[in-house]
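Data first, discussion second: the structure below is written as structure tokens.
The values are calculated or read from the model by the stated rules, or taken from the named source; none is laboratory data. Keep in mind it's a predicted model, so treat the numbers as computed, not measured. Positions of Cβ are generated from backbone atoms using ideal geometry, with glycine treated the same way; all protein chains shown enter the neighbour counts. When the accessible area is computed, the model is the full protein with side chains, heavy atoms only, and any ligands, DNA or RNA have been set aside. Shrake-Rupley method; radii C 1.70, N 1.55, O 1.52, S 1.80 Å.
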Amino acid sequence: MRLDAKIPGGPLPQKWDRHRFELKLVNPANKRKFDILVVGTGLAGASASASLGELGYNVKTFCIHDSPRRAHSIAAQGGINAAKNYPNDGDSIWRLFYDTVKGGDFRAREANVYRLAQISNAIIDHCVAQGVPFAREYGGLLANRSFGGAQLSRTFYARGQTGQQLLLGAYGALMRQVAAGRVRLFPRREILDIVVVRGKARGVVARNLLNGEIECHEGHAVVLATGGYGNAYYLSTNAKASNVTAAFRAYKRGAFFANPCFTQIHPTCIPVHGTYQSKLTLMSESLRNDGRVWVPKTPGDKRPPHQIPEAERDYFLERKYPSFGNLVPRDVASRNVKEQCDQGKGVGPTGLAVYLDFADAIRRDGRAVIERKYGNLFQMYEKITGEDPYETPMMIYPAVHYTMGGLWVDYNLMSTLEGLFVLGEANFSDHGANRLGASALMQGLADGYFIIPYTLGGYLAGTPLEPVSASDPAFAATAREAEERIHRLLAVNGRRTVDDLHRELGMVLWNHCGMSRNNEGLRKARARVQELREEFWRSVRVPGSGRDLNQSLEKAGRVADFMEFAELMILDALARQESCGGHFNEAYQTEDNEARRDDERFCHVAAWEFAGGDREPVRHEEPLAFEHVPLTQRSYK
Amino acid sequence: MSQRIRLTLKIWRQKGPADPGHFETFAAEDISTDMSFLEMLDVVNEKLTLEGREPVAFDHDCREGICGSCGAVVNGRPHGHLRGTTLCQLHMRHFRDGDTIVIEPFRARAFPVIKDLVVDRSALDRLIQSGGFVSVNTGSAPEANTLPVPPDRAERAMDAAACIGCGACVAACPNASAMLFTSAKVSHLALLPQGRPEAARRVLSMVRAMDACGFGNCSNHRECEMTCPKEISIVHIARLNREALKAGFLSPER
Amino acid sequence: MSWLFSLLGSSVGKKWMMAVTGFAFLGFLAAHFAGNLTVFGGRDAFNGYAERLQSLGPILHLFRAGLIACALVHITTGITLFFQNRGARPIGYQVSTSAGGRTLGSRTMPYSGLLILAFVVFHLFHFTFVDKTSITIFERVVAAFRQPALAALYSAMMIVVAFHVRHGFWSAFQTLGLHHPKYMPWIFALSLAAAFGTAIGFGALPILVAARM
Ligand SMILES: Cc1cc2nc3c(=O)[nH]c(=O)nc-3n(C[C@H](O)[C@H](O)[C@H](O)COP(=O)(O)OP(=O)(O)OC[C@H]3O[C@@H](n4cnc5c(N)ncnc54)[C@H](O)[C@@H]3O)c2cc1C
Ligand code: HEM
Ligand code: HEM
Ligand code: SF4
Ligand code: F3S
Ligand code: FES
């Protein structure tokens, strides 16, 4: 099968306009005859549900949480990019496009990224109109800051709660459609499978988390916006309920999974402090604008930070990357932190941390300025660690944060399973092998507000869709499979808890499929994951029943999928014999330990096809052509 | 520095909405003071699971104080005794070795208990549905800088918009009133020019919804603002009152 | 009109009625206090004040009607709120503590209110609905307060009123939307001053009367 991304013709800047013109339109009176199932209420899902509701479609929206507002997007801190060029510092759609392609280490589609940059401005307009309280300048106009390694200020923000404010905007819009009767909300529902009828996605199987009932919902198209799979690593900055289940089920039903090994490890997180640790907390990387990263020059130096004189500190990012300094992209920063710790220069009780020091900034700007900029982040840090970052330098360590991989989609955001659209972090998206800061929010909202309303219409208008009902045998069969899985999970009744097994899986992935990978480690990890999966089905213990709220059972189902999915991540990492972005294979590096891409052999998207049962999945390639951004080695020196 | 402590927990157990429920006592041993409150509960739950008993159900997700999922009443205080902190951000270093901790669900007629510490807070969604938004369709927005907003106004709007919808204000209010939550949304949108066109309709409709959901009335007890993890102030309640007076007596809205 | 009823019947509407009628009572209390001070001017001053009041005729009746209306509204609304608020939390907490928001005043509003009601009824039968032909109001008041029990009861009641005022005063501002970070501290201060004024001013009256007259 050849992967057709359906990139429209014509010059890059006109592709999207042209495509929108070419897409067929659904007659306004007919829109309400189409039932659309949207799974997820993060930025992507909520914005899609609201926009489709506004257009007049009949939308059913599902989420795991008790309220759509709790989706993981709520936690994004730093900001959202747009090419408004308000600060007059030389930004443009082209530059945002260029930076994103380059930042992604040339593993994203030019046409998609260009469209994203084009739409970015409309997102800001729309969010402001919704009442999102972005930061303002004294004159009342919108403020921007520089973020995530960008050399200009194009990031819009609402304190350290940008994701929350954007999500509440989208949630408000969604609630408005619920009140208007255009959207029906199904909270506390977990999608366990996608129903495929005659080759097309026509429904979902959901479990009502309150009473355990298995429900079937039919529709003309399914929109998955279920977020990323960072929780495969157990410890990550993702919310606890973030999972791969729906996406992985879709993969098993025929949607290809693209680049599963591309995970982003964020450099500035609060270090792990014990085995009971349940998740990691991100400290916004805006902190790197003013904080300086350092370690002691001598390995094993256990003196407290203020006793280490200036001459014995190594500001390694500033030293190695004089022009970007502390603001190098995430993958570069994380890898360097790991390298320092591997050399024994890590600090703190575990030796798995480096300092992020604000002393100079406080001396330069005064405490008041720093407090205004980062007050809530400092407070959060102090709450968690019990240490005051105004006095002692913060300690940070990298943590799994974002997954660039996801279900493969074409330019219309449709997967290889016809009628299944995938938005937000759940698709393999526009970030290539590495996502730049403040661009996930942009992408999620672009997908939901401004892309899916057009491309879904094009699909519905251009595809013959015979009526199906939930009584179709495909529904009963899919529901039965879901039910059987639940019975199996409950029946094992072994000796290990779900978290225990998940933690072990996480360690395997973190050690061998994390910041730095090598072929031997990956091979070992693959074998270990297979064993662990068997161990899981032999010895997991899920208390309670399937007939009421059972959080252990929910977790078990998600972890069971991670156990299978982890192997796909490893396979993909093994197959990609190069280093790029978040995927760093030790065999492919330059003399000064930078990632070395292999554009001859790997300038493509890898998309995996489920081959059924235990058979090896099939790897497909979608070649990437770079006509506008010349393929160069990224350099932040 | 990190220490190990021992606690006695008295936790509300309730199988389902119809079950009358009761308190159960557990010993939590070897708890590190670096743990969060929820991590402490995780440890208890792991043990219960291995003993073949059902773990304590509680809502949680982000575990960093922003999603609003978590929350239980700890020794009489929703989210525990620390100011401006959600339960997931409350660390065990704020407890002492040997403490007894009573953990109950949020209590309000509008928040029926689902199981153990999990309550149904969908009433808060219904409040937002009744008008907690700006009616703007995708595509119709003007250029973002068309309407300047004085930064102090934007800041005050942000103060209100910071609400995470956890419902602790309701749980803490002696009257189980949702005034702080409702006023935070009314105030956020009333402060911004984008929210003004439907300000009158919004406040009247949200007050009606608040009453229909079965929340109590506000007697200005101020427990809510003292409990709110985002430290949302009752100035917003006053603004709701002002907006409602204006809307009720001076606008054409009914 | 139905809009008006539904507006006033809403949770915030009920509170506005409490605040407006409460303000009216506060006004009455201030005036009543000023009037009562004439007792220190001696029998003629006090009786003269009482007569001047009576001579207002229809205006006085209008005032009384207004007060009675306010009382009806304040009392029925207060009781409605009390029961609604209790019903909003059918199952209480095992441990109930305060985060520091509630005050003794705010906690006891319905109870202090009911005590005040009982007091006012007693008070009216004591001083207002009495035969004033044989003995003047001045003598009656002085005679009453010479009984230590009665004087003590009056003084104690004034403390109850003070607590009601302590919370009621600032609360009414808040309820009517009059809250500004710049001025709220003043209103809190005024609220305390009003409470102390009530407790000390009104409260000392019976004792002083007993002692001096
Ligand atoms: C701590 C943190 C900070 C971040 N900061 C930034 C930032 O500053 N800027 C930026 O651009 N990006 C940031 N990101 C990344 C960004 O937040 C996410 O990529 C983005 O929000 C993902 O949105 P989404 O809509 O795709 O998915 P999510 O927000 O993850 O939503 C997923 C939804 O799907 C539902 N769901 C999942 N599985 C199922 C199922 N099986 N059945 C039913 N429902 C399901 C969930 O209930 C939820 O509603 C940050 C991420 C983290 C972790
Ligand atoms: C001198 C007499 C009285 C005065 C000056 C007075 C004054 C006030 C004021 C100013 C308020 C605050 C209103 C608000 O918060 O908006 C109030 C509240 C209240 N009053 Fe009175 N009042 C008096 C008598 C009574 C009586 C007789 C009752 C009897 C039932 C009563 C019951 C209440 C109650 C229950 C409240 C609280 C309402 C609430 O906040 O839910 N009061 N009063
Ligand atoms: C020490 C305190 C008080 C004293 C000495 C006092 C004295 C009096 C006297 C002498 C009268 C009769 C006036 C007349 O009929 O000519 C009166 C009337 C009245 N008092 Fe008081 N009073 C006191 C406190 C209060 C308080 C606290 C309240 C209310 C809460 C109150 C409410 C009334 C009312 C409603 C009347 C009837 C007014 C009228 O005739 O319309 N009094 N008081
Ligand atoms: S106002 Fe505060 S306590 Fe109430 S829901 Fe919002 S954040 Fe929670
Ligand atoms: S505690 Fe309750 S009474 Fe009002 S001020 Fe807060 S809602
Ligand atoms: S778990 Fe999200 S706020 Fe506590």
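Annotations for the structure displayed:
- Length released on extending from B:Arg126 to B:Glu46, taking residue separation times 0.36 nm less the Cα-Cα span: 25.3 nm
- Taken over segment A:183-298, the ratio of Cα radius of gyration to 2.2 N^0.38 Å equals 1.44.
- Cβ-Cβ FRET estimate between A:His306 and C:Ala193, R0 fixed at 51 Å, reported to 0.05: 0.50
- Anchor A:Lys302: aspartates and glutamates whose Cα lies under 15 Å away (excluding residues fewer than 8 positions away in-chain): A:Glu312, A:Asp314
- Computed about the Cα centre, the dipole magnitude for segment C:86-191 is approximately 340 debye when only Lys and Arg (+1) and Asp and Glu (-1) carry charge, each at its Cβ.
- Summarising the overall dimensions of segment B:16-63 from its C-alpha atoms, the Rg and Dmax are 12.3, 37 angstrom.
- Note on chain A: with charges restricted to the Cβ of Lys and Arg (+1) and Asp and Glu (-1), its dipole about the Cα centre is near 940 debye.
- Paired Rg and Dmax values of the protein assembly as shown, which use every Cα atom, in angstrom: 32.6, 118
- For chain A, the longest principal axis of the Cα atoms and the long axis of helix A:452-462 meet at an angle of about 30 degrees.
- Counted over segment B:57-203 with a bin width of 10 Å, the fraction of Cα pairs per bin, in whole percents, is 10, 34, 30, 18, 7, 1, 0.
- All lysines inside 23 Å of B:Lys10 as judged from Cα atoms, apart from same-chain residues fewer than 8 positions distant: B:Lys47, B:Lys115
- Between B and C, accessible area buried - total, square angstrom, nearest 100, 1.4 angstrom probe: 3600 Å²
- Taken residue by residue and averaged, Cβ atoms of other chains lying within 10 Å of the Cβ of B:205-212 number 3.
- Threshold 30 Å² - residues in segment A:127-147 whose accessible area is reduced by that much or more when the chain is no longer isolated, probe 1.4 Å: A:Val128, A:Ala129, A:Gln130, A:Gly131, A:Pro133, A:Arg136, A:Gly140, A:Leu141
- Only Cα sites of segment A:213-276 enter the Debye sum here, all with the same form factor; the resulting log10 I(q)/I(0) across q = 0.14, 0.15, 0.26 1/Å is -0.58, -0.65, -1.33, listed in q order.
- Accessible surface area normalised per residue over the protein assembly as shown is 37 Å², counting heavy atoms of protein chains with a 1.4 Å rolling probe.
- Expected 222 nm ellipticity per residue - DSSP helices of 4 or more, -39500 (n - 2.57), all of chain B, to 500: -10000 deg cm²/dmol
- Partner chain coverage, peptide B:236-249 - average Cβ within 10 angstrom: 5
- A convex hull fitted around the alpha carbon atoms of segment C:74-213 yields 156 Å³ per residue.
- Using only alpha carbons, chain B has a radius of gyration to Kirkwood radius ratio (Rg to Rh) of 1.04.
- Dipole size of segment A:40-136 about its Cα centre, with +1 on Lys/Arg Cβ and -1 on Asp/Glu Cβ: approximately 140 debye, rounded to the nearest 20.
- Between the beta carbons of C:Lys182 and A:Glu215, assuming R0 = 56 Å, the FRET efficiency works out to 0.55 to the nearest 0.05.
- Segment A:88-129 pair-distance distribution - Cα-Cα, 5 Å bins, rounded %: 5, 24, 26, 21, 15, 7, 1
- Across segment B:67-191, the relative contact order, built from alpha-carbon pairs under 8 Å that are at least six residues apart, equals 26 percent.
- Here's the list of lysines a cross-link from C:Lys15 could span, going by alpha-carbon distance under 19 Å and ignoring same-chain residues fewer than 8 apart: B:Lys246.
- R0 of 45 Å, Cβ-Cβ distance B:Leu147-A:Leu465: FRET efficiency to nearest 0.05: 0.60
- In segment A:298-396, inverting the average of 1/r over every pair of distinct C-alpha atoms gives 14.6 Å as the Kirkwood radius.
- Cα centroid separation - segment A:413-457 against segment C:120-156, whole Å: 82 Å
- Stokes-Einstein translational diffusion, segment B:20-103 - Kirkwood Rh over all Cα pairs, 1.002 mPa s, 20 °C, in µm²/s: 159 µm²/s
- C:Lys132 versus A:Arg18: modelled label distance in nm, points set 7 Å from Cα along the beta carbon direction: 9.7 nm
- Percent of alpha-carbon pairs separated by more than 13 Å within segment C:157-199: 48 percent
- Scattering profile of segment A:359-510 at q = 0.12, 0.16, 0.18 Å⁻¹ [log10 I(q)/I(0), Debye over alpha-carbon scatterers]: -0.93, -1.12, -1.16
- Residues of segment C:71-103 that bury at least 40 Å² of accessible area once all protein chains are present, compared with their chain alone (1.4 Å probe, heavy atoms only, ligands and nucleic acids left out), are C:Asn85, C:Ala88, C:Arg89, C:Ile91, C:Tyr93, C:Gln94, C:Val95, C:Thr97, C:Ala99, C:Gly101, C:Arg102.
- Kirkwood Rh in Å, taken over segment A:415-484 so that all alpha-carbon pairs contribute: 14.9 Å
- Averaged over A:210-218, number of beta-carbon atoms from partner chains that fall within 10 Å: 1
- Computed label-point distance, nm, for sites C:Ile207 and C:Val121 using a 7 Å Cα→Cβ extension: 2.9 nm
- All-pairs alpha carbon distance profile, chain A, 20 Å steps from 0, percent: 20, 56, 23, 1
- Lys/Arg +1, Asp/Glu -1 at C-beta; chain A dipole; positive extreme among A:Leu352, A:Ala595, A:Ser120: A:Ser120
- Inter-part distance where segment A:270-330 and segment A:101-164 are each reduced to a Cα centre, Å: 27 Å
- Rg to Rh, two decimals, where segment A:511-608 supplies the alpha carbon set and Rh follows Kirkwood: 1.14
- Here the translational diffusion coefficient of segment C:41-142 follows from Stokes-Einstein with Rh set to the Kirkwood radius across Cα pairs; for 10 °C and 1.306 mPa s it amounts to 91 µm²/s.
- Computed from backbone phi with θ = phi - 60° and the Karplus coefficients 6.51, -1.76 and 1.60, the 3J(HN,Hα) list for segment A:405-414 is x, x, 5, 5, 9, 8, 4, 8, 6, 9 Hz; x is used for glycine and proline.
- Interface size A-B, as summed buried accessible area [1.4 Å probe, Å², nearest 100]: 6100 Å²
- Carbon-plus-sulfur accessible fraction, the protein assembly as shown (probe radius 1.4 Å, protein heavy atoms only): 57%.
- Normalised per residue, the volume of the convex hull around the Cα set of segment A:446-548 (Å³): 222 Å³
- Mean Cβ neighbour count within 10 Å, used as a protection proxy, ranking A:557-566, A:133-142 highest first: A:557-566, A:133-142
- With the convex hull of the Cα atoms taken as the outline of segment A:1-157, the averaged projected area works out to 12.5 nm².
- Tilt relative to chain A, helix A:93-103 - C-alpha long axis, 0 to 90 degrees, to 10: 80 degrees
- Remark: relative contact order (chain B) = 19 percent; criterion is Cα-Cα distance under 8 angstrom and separation of 6 or more residues.
- Rg and Dmax of segment C:11-60, based on Cα coordinates, read 15.3, 49 Å.
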